[in-house]
Structure formats: structure tokens, C-alpha cells
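> Quick one: the structure is below, and I'll ask about it shortly.
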Amino acid sequence: MVNVSLFIVACIGAVQAQTLADHTRDNAKQVLTHMPTATQALPRLLPLGLPAPGQPLLDGHEVSVSLASTPTGELPAQYTGCHSHGDDKYCIGPDGEEVQIIDDEGTSEESASSDESNDHSDGVHCHFHAGVEHCVGGGESESESSSKSCTTRDREYDLPLRIGTLFVVLVTSAIGVFAPMLLAKLPLKRFGILVSIVIKQFGTGVIMSTAFVHLTTHANLMFTNDCVGELEYEATTTAIIMAGIFLSFLVEYVGHRIVVSHNTKSSADVQSESHCGGRDGQPEITTVFAHLGHSHGTHDPTCPDNKFSVLVMEAGVLFHSVIIGVTLVVAGDSFYRTLLVVIVFHQFFEGLALGARIAALPTKIFPSKTLMAASFALITPVGMAIGMGVLHSFNGNDRDTLIALGTLDALSAGILVWVGVVDMWARDWVIEGGGLVDAGPSDVAAGGLSLIAGMVLMGLLGKWA
């Protein structure tokens, strides 16, 4: 009989506690409905006679008392005599009992803040290296984190935004690469020559910065990612860059030897094929960009604007651009817009650099130059389309993916180092016959400032991409 009585008392207590909780919850909803400007958190009032949350009663239930605050965030007037015991705050309730005040305002603000950011959910902080997502445990830095996540993170992607921006990148790339060809047709010779110097040297600075600030850094980030693990060979990045430089040299050297061997068979071909400005029977200076070409005689394997050099340069740029397209699309929405702006400028500057060299080729605009320029304009959108196809399955922290991206970045860096230093910078400025070796002070100043501007602007973009 005693046990039955205790059970009934416990049930009655549980029912009363539930009724009180429902009543206070309805009051809180009513207050929030009629006073929408009250944004303060609701303090909880815990009678000292009841257990704190998390401490069960004898019947296994938990009890907490919650009352709505006033619109100003203050306690209701019936709670008086508020005082503190250490870090805890207490007040005298309407029934004369002392109750503890628990302020949930800070917790509520933190919760609201976390809801606004997908990158900090579940105690995990996510950011992007070269467009590839990288996550560490909450409150930990990369160097000290022991809970790095190498798995695919499920997230919602704004696909219509990505489809629309694909065309933005396409148009921007096309404007950048085709603009030098149009500027080459300017009727004012002196002004056109100055424009050509500015564009070519700006492009040289862009290529150098792309090789060192962007690609080398990106490749190193990929190979040092914790999801790759410790590589047995620490100089992997620089070794692959060196391989890219050697491959570029090998392609150009073999290509020039083939051209020279072919030209020796016919003196007519020698005069038309090896001269930088006289191919296809055109005059030596056909456009303002051809002014920056030069000749070393009948056999000119060092001509900076020959097709082999430009093709090698374009190969390095295309490898890099397709990676940019993929990593741009798979970046989270929180980072996508920032990365998009950077990539748009990046592609425009890189297009100017490549277009200036294509425009200097002594060949007709169509079909050769047009196809080369169109390849650059299309390659990044193609990479973006590939990224959309693997959007929900791509894992930028997969070991094989990181090694593949790092290898392509480092190889592209090596190609662009060779092209930038040998085919562009040195041959324009220090090798005999270069367009700026014996140029006047105004041309040298314009070229030097443009070179620095290209390096600085492209280097600045390296902070985000």
C-alpha cells in the first residue's frame, strides 16, 4: 500500500510539473507573439527546492521552471530582492522562495551565429586552400588539430548560380585573350607600339606571378595537406616544378631542331619560315605586336614569338585553367562568390598575357590564332562543367585527389617558369635583338612599370586563390 501511495504521489508531481511547463511555454509564445521587438533571451528561474536540469527526480523526470522576461530583458516585477552568490544570481519569487536566475542570452546568441554559418557546424571549422575544402576540429588550428576531416562533407550547392557564372568566366576569358589581337590592328603605329609593350610586359609579370605565387603555393599546400600524410620525399613540389621546366626546354629544343632541319632543305623556306617577321610572305613588321619580335639571321631557333614557344606556354596555362574551373565549382557557397571575383580577374589577366604572345605570331588570325585563343577561353568553363558533374561526389581532401592536383599545379608552374623567364622576360629585355634591349627611355619605363604591375596585381590575387 505504501509503494502504491508513493507511486501515485510521484505521478501527480510529474503531471503538475508538465502542466506548469506547458503553461509557461504558452506564456512565452504569447509574449513573443505580441512583443516582436523583444529579442533578449528568456532567463530560467529555478526554485531551489527543485533539482537543477539534468538531475532527475525520484520518478525519473526532470523539472525546470521558465518564465518570460519583459520586453526590456528585465525580470518580471514579482521577482524581487535579487542578489548574487559567487557567479550565480538569485531572486525572491512571488511565494517567498529563493530562485536561481540562469541567463541563456549568450548561449542563444552563439546558437544563432552558428546557424548562420555552415562552415562551423558540428564543431568543425572548414575553409579553403586553393579552392579545396579543408576542415579541422572546432577551436583548433591547423598545426595543432588532431581531428582533421578527410571525408566528403555533405552541403547544399547553389547550382543555378554556378551555371550562370560559367558564362561570366567564359566571356571574361574571351575578352582577355582576344583583346590583344584587336589592339594589334590599331591604325596609330606609335600608340599601338606603346600599347603592345604595356600588354606584353604586363602579361610577363602575370605569368611569373602565376607560376610562383599561385601554382607553386597551391602545389605545396596540396602535398603538405594532412590528408596526404607524410611524403617520403620532402622536395616533391620543387622536383616536379623542375621536371616541368625540363620538359618545356625539351619540347622547344626538339621543335626548333626539327624546324631548322626542315629549313635547310630549301633556301626559300629558310627565308620564309625562320624569320620572326616574314613568315607566310608577310612583311617583317605586319602588326604593332610584331615590332617586338626580332631576328638573329636565317636560322632563328631563339625567336620568342615562334609557335613552339607559344604552344608550350599555352599548355601550362591550360593545365592550370582546367584545375581552376573544377576547384571553383566545388568550393562551398560561403567562399564561392569571393573566389569567383578573384578567378574572373585572374583569367582576364592571364588571357591578356597569352593573347599578347598569340597576337605577335606572324600568321593569319584565322584559323591558327583563333583556335589557340578559343582554347584558352573555353578551358576554364569546361573545368567548371566537369566540377558540376562531380559536385556531390568530389572530395578535395581525398589523398589521390590531392596528389593529382598538386602534381598538375607543380608541373604547370614549371612550364610557366620556363616560358616566363626564358621566352618572355629574358628575350624581351636582355637577349640581343629583344624589343626592349635598345629601346628608348619611355618604352623602357612603360615596360618596366607594366612588368611590376602584372606581378603585383596577380600576386595580390594569390591571397584568395
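The values are calculated or read from the model by the stated rules, or taken from the named source; none is laboratory data. Since the structure is predicted, the reported quantities are computational estimates derived from the model, not experimental observations. Cβ placement follows ideal geometry from the backbone for every residue including glycine, while neighbour counts extend to all protein chains displayed.
> If I ask for residues that are among the basic types (K, R) and outside any helix (DSSP H, G or I), which ones from the stretch 318-373 would you list? Break it down into steps so the answer makes sense when it comes.
Initially, the stretch 318-373 is screened for residues among the basic types (K, R), giving 337, 357, 364, 369.
K364, the sole residue that qualifies.
> Here's a follow-up. Determine which member of the set L391, L378 is surrounded by fewer than 23 Cβ atoms within 10 Å (Cβ to Cβ) and part of a loop (DSSP other than H, G, I, E, B). Talk me through it step by step, then tell me what you get.
On the way: L378 fails: part of a loop (DSSP other than H, G, I, E, B).
When all the criteria are applied, what remains is L391.
> Just checking, does the stretch 219-233 include any residue being part of a helix (DSSP H, G or I) and touching a Phe, Trp or Tyr at 6+ places or on another chain (Cβ under 9 Å)? If you could, list the steps in order and put the result at the bottom.
Filtering the stretch 219-233 for residues part of a helix (DSSP H, G or I) gives 219-223.
Of the ones still in play, those that are also touching a Phe, Trp or Tyr at 6+ places or on another chain (Cβ under 9 Å) are none.
Within the stretch 219-233, none of the residues are part of a helix (DSSP H, G or I) and touching a Phe, Trp or Tyr at 6+ places or on another chain (Cβ under 9 Å).
> Looking at (1) among the hydrophobic types (A, V, I, L, M, F, W, C); (2) within 22 Å of F223 (Cβ to Cβ); (3) touching a Phe, Trp or Tyr at 6+ places or on another chain (Cβ under 6 Å), which is the one condition that is false for A360?
Only one criterion in (1) among the hydrophobic types (A, V, I, L, M, F, W, C); (2) within 22 Å of F223 (Cβ to Cβ); (3) touching a Phe, Trp or Tyr at 6+ places or on another chain (Cβ under 6 Å) is unmet by A360, namely (2).
> If I ask for residues that are part of a helix (DSSP H, G or I) and in contact (Cβ under 8 Å) with a residue 24 or more places away in the chain, which ones from the stretch 424-441 would you list?
Within the stretch 424-441, M424, W425, R427, D428 qualify.
> Right, next: Among the candidates S113, S196, S147, which residue alone is modelled with pLDDT under 85, part of a helix (DSSP H, G or I) and small (G, A, S)?
Values: S196 fails: modelled with pLDDT under 85; S147 fails: part of a helix (DSSP H, G or I).
Unique residue meeting the criteria: S113.
> Which condition number in (1) modelled with pLDDT of 55 or more; (2) closer than 28 Å to G192 by Cβ is the one that H294 fails?
Failing condition for H294: (1).
> I need the full set of residues from the stretch 394-408 which are part of a helix (DSSP H, G or I) and either surrounded by 13 or more Cβ atoms within 10 Å (Cβ to Cβ) or touching a residue at least 40 places away in the same chain (Cβ under 8 Å) (or both), in order please. Give the steps one after another, and end with the answer.
Narrowing the stretch 394-408 to residues part of a helix (DSSP H, G or I): 399-408.
Within the stretch 394-408, R399, T401, L402, I403, A404, L405, G406, T407, L408 meet the criteria.
> When you check G454 against the structure, is it on the phi < 0 side of the Ramachandran plot and either modelled with pLDDT of 95 or more or not aliphatic (A, V, I, L, M) (or both), yes or no?
On the way: on the phi < 0 side of the Ramachandran plot: yes; either modelled with pLDDT of 95 or more or not aliphatic (A, V, I, L, M) (or both): yes.
For G454, the condition - on the phi < 0 side of the Ramachandran plot and either modelled with pLDDT of 95 or more or not aliphatic (A, V, I, L, M) (or both) - is met.
> Within the bounds of the stretch 358-381, is there any residue that is assigned by TED's automatic domain parsing to the domain that holds S321, modelled with pLDDT of 90 or more and closer than 25 Å to T152 by Cα?
So far as the stretch 358-381 goes, yes, one or more of its residues are assigned by TED's automatic domain parsing to the domain that holds S321, modelled with pLDDT of 90 or more and closer than 25 Å to T152 by Cα.
> Which residue pairs have Cβ atoms closer than 6 Å, lie 6 or more positions apart in sequence or on different chains, and pair a first residue in the stretch 445-464 that is surrounded by 19 or more Cβ atoms within 10 Å (Cβ to Cβ) with a second residue that is in a loop (DSSP other than H, G, I, E, B)?
G447/L436
> Considering the stretch 303-317 alone, what residues qualify as being hydrophobic (A, V, I, L, M, F, W, C) and either part of a helix (DSSP H, G or I) or in contact with a Phe, Trp or Tyr (Cβ under 9 Å, 6 or more places away or on another chain) (or both)? Spell out how you get there, then give the answer.
Of the stretch 303-317, the ones hydrophobic (A, V, I, L, M, F, W, C) are 303, 308, 310-313, 315, 317.
Passing the criteria: F308, V310, L311, V312, M313, A315, V317.
> For the stretch 142-161, indicate whether the set of residues that are among the β-branched types (V, I, T) and in the same structural domain as N397 (by TED's automatic domain parsing) is non-empty.
Pass one, the stretch 142-161, residues among the β-branched types (V, I, T): 151-152.
The next check asks that each one be in the same structural domain as N397 (by TED's automatic domain parsing); those that pass are none.
Checked against the condition, which is being among the β-branched types (V, I, T) and in the same structural domain as N397 (by TED's automatic domain parsing), the stretch 142-161 yields no hits at all.
> Report yes if some residue within the stretch 432-439 is farther than 20 Å from T327 by Cβ and modelled with pLDDT of 95 or more; otherwise report no. Working first, answer last.
Initial filter on the stretch 432-439 (farther than 20 Å from T327 by Cβ): 432-439.
Next, only the ones that are modelled with pLDDT of 95 or more stay: none.
Taking every residue of the stretch 432-439 in turn, none turns out to be farther than 20 Å from T327 by Cβ and modelled with pLDDT of 95 or more.
> Name every residue in the stretch 334-375 that is buried (at least 18 other Cβ atoms within 10 Å of the Cβ) and not hydrophobic (A, V, I, L, M, F, W, C), in order of residue number.
Residues satisfying the conditions are Y336, H346, Q347, E350, G351, G355, R357, P362, K369.
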